[in-house]
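J.: Dumping the structure here so I can ask a few things about it.
None of the figures in this text is laboratory data; all of them are computed from the coordinates on show. Predicted model only: the values in this text are computed from it and were never measured. Positions of Cβ are generated from backbone atoms using ideal geometry, with glycine treated the same way; all protein chains shown enter the neighbour counts.
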Amino acid sequence: MSILVYAEHDNKNLKTETNKTVTAALKIGGDVHVLVAGTNCQSVAEQAAKITGVNKVLVADNAAYEHQLAENVSALVLEIAADYDTIMATALTTGKNFMPRVAALLDVAQISDIIDVESADTFVRPIYAGNAIATVKSLDTKKVLTVRATAFDAAGSDNSAEIVTLSNVTDAGISSHVKDELTVSARPDLGAASIVISGGRGMQNGDNFKLLDGIADKLGAAIGASRAAVDAGFVPNDMQVGQTGKIVAPDLYIAVGISGAIQHLAGMKDSKVIVAINKDPEAPIFQVADYGLEADLFDALPELEAKL
Amino acid sequence: MKVLVPIKRVIDYNVKVRVKADNSDVDLTNTKMAINPFCEIAVEEAVRLKEAGTATEIIVVSVGDKTCQEQLRTALALGADRAIQIETDESLDALNIAKLLQKIVEEEQPQLVILGKQSIDSDNNQTGQMLAALTGMAQGTFASEVVVEGDKVNVTREVDGGLQTVALTLPAIVTTDLRLNEPRYASLPNIMKAKRKPLDVKPAADFGINLTARTSLLKVTPPAERQAGIMVGSIDELVEKLKTEAKVIS
Ligand SMILES: Cc1cc2nc3c(=O)[nH]c(=O)nc-3n(C[C@H](O)[C@H](O)[C@H](O)COP(=O)(O)OP(=O)(O)OC[C@H]3O[C@@H](n4cnc5c(N)ncnc54)[C@H](O)[C@@H]3O)c2cc1C
């Protein structure tokens with residue numbers, strides 16, 4: 001068996017989610033190679049080579065891959081696909097974007113967002129916003145999978161795998177990058193943080209999200225939001241937690257002024273400990289909370305910050 | 001410019017699905033069904049392009065049994081011009097759906113295909129990308145803004161770090177995210193008018209594609225229930241519990 005894991009990175013840093021996808025690959029078992037496609041991404045390759053259990057790192061360093069354009073990256077993966085039984089990527093925006101292209105070009109199904117590996121061809125994945133868990137067997141000879149990183153522990157980093165440079169360059173020429181508008185934050189990544197505090201429509205406006213800042217500072221937490229808070233323009237889209245946003249599973253998740261719609265729960269209910277602060281005792285979020293506090297958030301948040 | 005919008009009939013987003021007692025699948029008997037919310041956003045975007053004079057014709061297509069005609073009619077009431085049902089009783093893998101849609105793309109030659117980024121039942125997030133691959137088109141997934149300019153479309157995408165804008169050569173594929181637009185409601189006169197708009201039914205078997213299943217659903221189980229929690233009476237109590245009982249803060 002040989003498995004290719006596609007690395008998620010920003011040309012400088014490897015995302016820790018890749019270590020988790022490697023864990024999923026190791027659970028399938030076999031030789032694990034990591035592909036780093038990007039530009040000036042040698043340091044990412046070096047980080048990938050450290051991941052425990054990885055046998056080889058392939059680097060495709062070219063401007064065509066700088067922005068992870070799906071048309072170019074999928075063509076690259078396709079060129080080396082013959083060497084692998086299983087091709088995996090993390091179910092983050094890059095993987096979600098290009099992997100189905102790879103699957104279609106290989107004429108195989110993709111199994112998305114796996115949360116467990118039962119065998120080399122059988123995988124477990126949530127469906128219906130996590131309200132049902134499906135066990136799915138792939139009938140194709142080659143498997144294309146995306147992995148829900150929160151479901152796997154990160155592989156360690158005590159390795160020094162061989163790094164091989166690929167000379168393949170494919171620029172499909174039908175898409176180009178125009179610009180990025182990325183949110184700059186000194187806080188930990190939502191997906192990687194061990195504590196997340198999220199605000200919902202109950203926060204009333206973007207300014208009030210400052211009430212979460214002091215608490216997040218004290219706890220080293222990331223800040224998230226519900227769809228309602230994002231749609232209303234309180235905070236940017238990359239803060240949305242949920243079925244169709246980011247999936248998080250921190251040690252502690254604090255939901256503030258969030259009602260607990262199934263779509264929101266889908267993104268956070270695997271958190272270890274859930275705290276809900278809501279003024280409505282009937283809010284469904286209390287049904288999944290380990291600790292619920294019925295309170296007005298405008299009283300509760302300043303007090304919480306003071307007492308931490 | 002012709003715009004093709006593939007749509008899917010799914011469980012209504014307000015309904016919490018139940019798992020069948022024999023764990024063979026979910027139980028959709030007597031469940032309220034609707035257009036997948038992301039597909040509805042796709043229809044709305046096409047209608048706005050038509051209102052802006054960019055699109056000339058909007059074709060909606062759905063793969064499914066007779067019941068999906070209800071969603072096709074809804075899309076017609078929202079402003080699509082005509083509909084195609086690719087008829088099948090089977091629940092097909094995304095790859096096979098994409099192969100059927102590829103045939104429709106070949107027949108209709110749309111300049112833009114707009115799909116939902118994922119359906120809220122299978123949560124696969126695949127069909128648009130697969131269709132792009134099969135047709136050799138560029139893709140702008142998870143779109144929050146779509147601007148057609150000459151022979152290009154600029155798509156602003158919701159990505160993990162914020163927003164990314166790409167320029168795609170037409171014809172191209174777009175998949176919608178939540179912030180692309182807020183879909184309108186169909187008016188009663190438009191619902192009446194939609195009944196007379198053309199709806200073609202084409203059996204899936206007539207497309208000459210091998211539609212053999214690529215995956216097999218072995219079982220479906222309910223998710224693990226969380227242990228019931230407690231209500232705390234004060235912030236002091238909350239902080240105390242988090243420190244000494246849950247031990248998640250120090
Ligand atoms: C296709 C689709 C995809 C979706 N994807 C997502 C997703 O990924 N993530 C997501 O979050 N949602 C998603 N949703 C939306 C979801 O259905 C809900 O609409 C949304 O989660 C509601 O956000 P909210 O809890 O902040 O707002 P509301 O439901 O309005 O809840 C606000 C809560 O704040 C409380 N509150 C108000 N004022 C105060 C106060 N002063 N003090 C304390 N509490 C207060 C209220 O009691 C209420 O419980 C999706 C919906 C659809 C249709």
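J.: Let me know the shape class of segment B:2-245, please: from the alpha-carbon gyration tensor, a ≥ b ≥ c as square roots of the eigenvalues, rounded when a/c is under 1.5, otherwise prolate if a/b is greater than b/c, or oblate.
T.: Details: a/c = 1.79, a/b = 1.42, b/c = 1.26.
The shape class here is prolate.
J.: Can you give me the angle between helix A:93-106 and the longest principal axis of chain A, using Cα atoms only, in degrees from 0 to 90, rounded to the nearest 10?
T.: Approximately 40 degrees, to the nearest 10.
J.: Which of these, A:114, A:174, A:195, has the largest mean-square fluctuation under a Gaussian network model of chain A (Cα springs below 10 Å)?
T.: A:174
J.: Under a no-solvent Debye model with one identical scatterer per Cα of segment A:149-211, what's log10 I(q)/I(0) at q = 0.12 Å⁻¹?
T.: Ignoring solvent entirely, the Cα scatterers give -0.75.
J.: While we're here: With each label point set 7 Å from Cα along the Cα-Cβ vector, what nm distance links residue A:171 and residue B:221?
T.: Result for the modelled spin labels: 5.1 nm.
J.: Kindly provide the GluC sites (Glu not before Pro) of segment A:252-308 that DSSP labels as loop, not H, G, I, E or B, and whose Cβ sees at most 13 other Cβ atoms within 10 Å. Intermediate results must be reported in sequence, preceding the final value.
T.: Working: sites: A:282, A:294, A:303, A:305; in loops: A:282.
Sites meeting the loop and neighbour criteria: A:282.
J.: While we're looking at this one, here's another question. Please work out the Cα center distance from segment B:150-226 to segment A:1-31, rounded to the nearest Å.
T.: First find each Cα centre; the distance between them is then 29 Å.
J.: To continue, here is another question. Quick check on segment B:54-146: take the gyration tensor over C-alpha atoms, sort the square-rooted eigenvalues as a ≥ b ≥ c, and tell me if it's rounded (a/c under 1.5), prolate or oblate. Let's see the in-between values first.
T.: Numbers: a/c = 1.33, a/b = 1.05, b/c = 1.27.
The shape class here is rounded.
J.: Over chain A, calculate the relative contact order: mean separation of alpha carbon pairs under 8 Å at least 6 apart, over the residue count, as a percent. It would help to have the intermediate numbers written out before the result.
T.: Working: 703 pairs, mean separation 45.7, N = 308.
Relative contact order of chain A: 15 percent.
J.: Using r as the Cβ-Cβ distance of residue A:119 and residue A:272, and R0 as 30 Å, what FRET efficiency do you calculate, to the nearest 0.05?
T.: On the way: r = 28 Å, r/R0 = 0.93.
It comes out at approximately 0.60.
J.: Nearest 5 percent is fine: what portion of the DSSP beta bridges confined to the protein assembly as shown is antiparallel?
T.: So the antiparallel bridges in the protein assembly as shown amount to around 35 percent.
J.: Something else about it: How much net charge surrounds residue B:247 when only the other residues with a Cβ under 14 Å from the Cβ of residue B:247 are counted, with Lys and Arg +1 and Asp and Glu -1?
T.: Values: positive: A:272, B:241, B:243; negative: A:251, A:290, B:240, B:245.
Spelling it out: positives minus negatives among the neighbours equals -1.
J.: To continue, here is another question. Roughly how many whole Å is it from the C-alpha centroid of segment B:119-139 to that of segment A:155-184?
T.: First find each Cα centre; the distance between them is then 22 Å.
J.: Among the GluC sites (Glu not before Pro) within segment B:72-164, which fall in a DSSP loop and have no more than 15 other Cβ atoms within 10 Å of their own Cβ? If you can, show how the numbers build up before the last one.
T.: Numbers: sites: B:87, B:90, B:106, B:107, B:108, B:145, B:149, B:158; in loops: B:90.
Within segment B:72-164, the qualifying GluC sites (Glu not before Pro) (loop, at most 15 other Cβ atoms within 10 Å) are B:90.
J.: Shifting gears a bit: Could you tell me the extents of segment B:126-178's C-alpha atoms along the three principal axes, largest first, rounded to whole Å?
T.: 28, 28, 16
J.: Top mean-square fluctuation among B:110, B:222, B:203, Gaussian network model of chain B, C-alpha springs under 10 Å?
T.: B:222
J.: A further question on this structure: Can you bin segment A:195-307 into rounded, prolate or oblate? Criterion: square roots of the alpha carbon gyration tensor eigenvalues sorted a ≥ b ≥ c, rounded for a/c under 1.5, prolate for a/b above b/c, oblate for the rest. Walk me through the numbers before you get to the answer.
T.: On the way: a/c = 1.22, a/b = 1.09, b/c = 1.12.
Because its axes are fairly even, with a/c under 1.5, segment A:195-307 counts as rounded.
J.: So, one more: Which order do A:44, A:230, B:15 fall in if you start with the one that has the fewest other Cβ atoms within 10 Å?
T.: Details: A:44 26, A:230 23, B:15 16.
With the sparsest Cβ surroundings first, the list reads B:15, A:230, A:44.
J.: Using Cβ counts within 10 Å as a stand-in for footprinting exposure, how do A:21, B:169, A:150 rank, fewest first?
T.: Numbers: A:21 33, B:169 16, A:150 20.
With the fewest neighbours first, A:21, B:169, A:150 line up as B:169, A:150, A:21.
J.: I've got another one for you. Helix A:210-219 versus the longest principal axis of chain A: what is the Cα-based angle in degrees, 0 to 90, to the nearest 10?
T.: Orientation of helix A:210-219: about 70 degrees from the principal axis.
J.: Specify which residue in the list A:242, A:5, A:23 is farthest towards the positive end of the charge dipole of the protein assembly as shown, using unit charges on the beta carbon of Lys, Arg (+1) and Asp, Glu (-1), about the Cα centre.
T.: Highest projection toward the positive end goes to A:242.
J.: Mind pulling up the Rg/Rh value for segment A:2-165? Radius of gyration and Kirkwood radius, both on Cα.
T.: Details: Rg = 14.4 Å, Rh = 15.4 Å.
Looking at segment A:2-165, the ratio lands at 0.94.
J.: Just tell me how shielded B:94-103 is by partners: mean number of partner chain Cβ atoms within 10 Å of each residue's Cβ, no decimals.
T.: On the way: counts 6, 10, 1, 0, 3, 2, 0, 0, 1, 0.
Shielding by partners across B:94-103 averages 2.
J.: Could you identify which residue out of B:136, B:116, B:233 has the top mean-square fluctuation in a GNM of chain B using Cα springs shorter than 10 Å?
T.: B:233
J.: Each label point is 7 Å from the Cα along the Cα-to-Cβ direction; what then is the distance between the points at residue A:163 and residue A:40, in nm?
T.: For the pair residue A:163/residue A:40, the computed spacing is 1.5 nm.
J.: Dipole magnitude of the protein assembly as shown about its Cα centre, charges +1 at Lys/Arg Cβ and -1 at Asp/Glu Cβ only, in debye to the nearest 20?
T.: Values: 54 positive and 74 negative charges, 189 e Å.
Value, rounded to 20: 900 debye.
J.: Average partner chain C-beta neighbours within 10 Å, per residue of A:177-185? Intermediate results must be reported in sequence, preceding the final value.
T.: Details: counts 4, 8, 7, 7, 7, 6, 4, 2, 2.
Counting Cβ atoms of other protein chains within 10 Å of each residue's Cβ and averaging gives 5.
J.: I would also like to ask the following. Going toward the positive end of the dipole of the protein assembly as shown, with +1 on Lys and Arg Cβ and -1 on Asp and Glu Cβ, which of B:210, B:64, A:103 do you reach last?
T.: B:64
J.: A follow-up question, please. Quick test of the membrane-span-like rule: which DSSP H helices of chain B reach at least 18 Å along their long axis (C-alpha atoms) with mean Kyte hydropathy at least -0.5?
T.: Details: long enough: B:37-51 (21 Å, 0.11); B:94-108 (21 Å, 0.19).
Span-like helices in chain B: B:37-51, B:94-108.
J.: Per residue and in cubic angstrom, what volume does the convex hull of the Cα atoms of the protein assembly as shown have? Don't skip to the end; give the middle numbers.
T.: On the way: hull volume 82.3 nm³, N = 558.
It comes to 148 Å³ per residue, whole-number rounded.
J.: Related question: On C-alpha positions alone, give me the angle between the axis of helix A:70-80 and the longest principal axis of chain A, in degrees, nearest 10.
T.: Helix A:70-80 and the main axis of chain A meet at about 40 degrees.
J.: Next question, about the same structure. Just tell me how shielded A:287-298 is by partners: mean number of partner chain Cβ atoms within 10 Å of each residue's Cβ, no decimals.
T.: Values: counts 4, 5, 6, 11, 10, 5, 7, 3, 5, 0, 0, 0.
Rounded to a whole number, the mean comes out at 5.
J.: Taking Cα centroids, how far is segment A:222-299 from segment A:96-136 in Å?
T.: What the calculation gives is 26 Å, centre to centre.
J.: Longer than 18 Å from Cα to Cα, which of A:246/B:243; B:8/B:219; A:272/B:243; A:179/B:117; B:32/B:99; A:15/A:210 are they? Say none if no pair is. Each step should come with its number before you reach the end.
T.: Details: A:246/B:243 27 Å; B:8/B:219 23 Å; A:272/B:243 14 Å; A:179/B:117 21 Å; B:32/B:99 28 Å; A:15/A:210 27 Å.
Cα-Cα > 18 Å for A:246/B:243; B:8/B:219; A:179/B:117; B:32/B:99; A:15/A:210; rest within.
J.: Let me ask something else about it. Trypsin sites (Lys or Arg not before Pro), restricted to segment A:1-61: which are DSSP loop and have at most 11 other Cβ atoms within 10 Å?
T.: Values: sites: A:12, A:15, A:20, A:27, A:50, A:56; in loops: A:12, A:15, A:50.
In loop regions of segment A:1-61 (DSSP not H, G, I, E or B), the sparsely surrounded trypsin sites (Lys or Arg not before Pro) are A:12.
J.: Okay, next question. Share of antiparallel DSSP beta bridges in chain A, in percent to the nearest 5? If you can, show how the numbers build up before the last one.
T.: Details: 10 of 57 bridges.
Among the beta bridges of chain A, antiparallel pairing accounts for roughly 20 percent.
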